[in-house]
Amino acid sequence: MIARARDGALAAALLLLAALYAGWFRADRHLVAVLLVFVAPPLLLLVGVVAQRGYARFWAGVLALFWFSHGVMHAWAHRDMALYAWAGIVLSLLIVALVSVPGMRARFAAKRGAGGAGSGH
């Protein structure tokens, strides 16, 4: 159940990110490029997450690093559009957190298991 809720939150974050980019760059003169580069990837990953494909979660985490960097760069360089950039930063950090939860749980569970019963850790 927890994994399903996490995937639901990840799907919602990807959908919100795609909607954010569609709204942010709606008047851009390179709209087709914007749709291909910024809007299509989160929507394709959304389909993979809904279909419970592990690679979709992995690539969402990888691309979230790009989305985070883009948001930071835009927030710094274009103060008039900073609200969109900050929303992108928050959503990308949320995506990274959501895809990292299983690995962090496994890592800390292994550490607890190895650290108990006189192992000296």
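Per-residue ellipticity at 222 nm for the chain, helices alone: DSSP H runs ≥ 4 residues times -39500 (n - 2.57), over residue total, nearest 500 deg cm²/dmol? Kindly include the intermediate steps, with their values, before the conclusion.
Working: 5 runs with 96 residues, N = 121.
About -27000 deg cm²/dmol.
Mind sorting V99, V39 by how few other Cβ atoms lie within 10 Å of their own Cβ, fewest first? The partial results should precede the final answer.
Details: V99 23, V39 20.
Listing V99, V39 from fewest to most nearby Cβ atoms yields V39, V99.
So which residue, out of V96, V37, V62, gets the largest mean-square fluctuation from a GNM of the chain using Cα contacts under 10 Å as springs?
V37
Could you work out the longest stretch of the chain that avoids the trypsin sites (Lys or Arg not before Pro) located in DSSP loops with at most 12 other Cβ atoms within 10 Å?
Details: sites that count: R26, R29.
Longest stretch, sites excluded: 30-121.
What is the Cα coordinate range of the chain on the first, second and third principal axes, sorted by size from largest, in whole angstrom?
64, 33, 19
Normalising by the residue count of the chain, find the relative contact order in percent from Cα pairs under 8 Å and 6+ residues apart.
Working: 106 pairs, mean separation 31.5, N = 121.
26 percent.
Could you point to the residue in L35, F58, M104 farthest towards the positive end of the chain's charge dipole, with +1 and -1 charges on the Cβ of Lys/Arg and Asp/Glu respectively?
Going by the Cα projections, it comes out as M104.
Roughly how many debye, to the nearest 20, is the charge dipole of the stretch 21-121 about its Cα centre, given +1 on each Lys and Arg Cβ, -1 on each Asp and Glu Cβ, and no other charges? Display every interim value, and only then the final one.
Values: 9 positive and 2 negative charges, 79 e Å.
The calculation lands at about 380 debye.
Each value in this text was obtained by applying a stated rule to the coordinates, not by laboratory testing. A quick note: this is a predicted structure, and the numbers were derived from the prediction, not measured. Neighbour counts run over all protein chains shown; Cβ positions are idealised from the backbone, glycine included.
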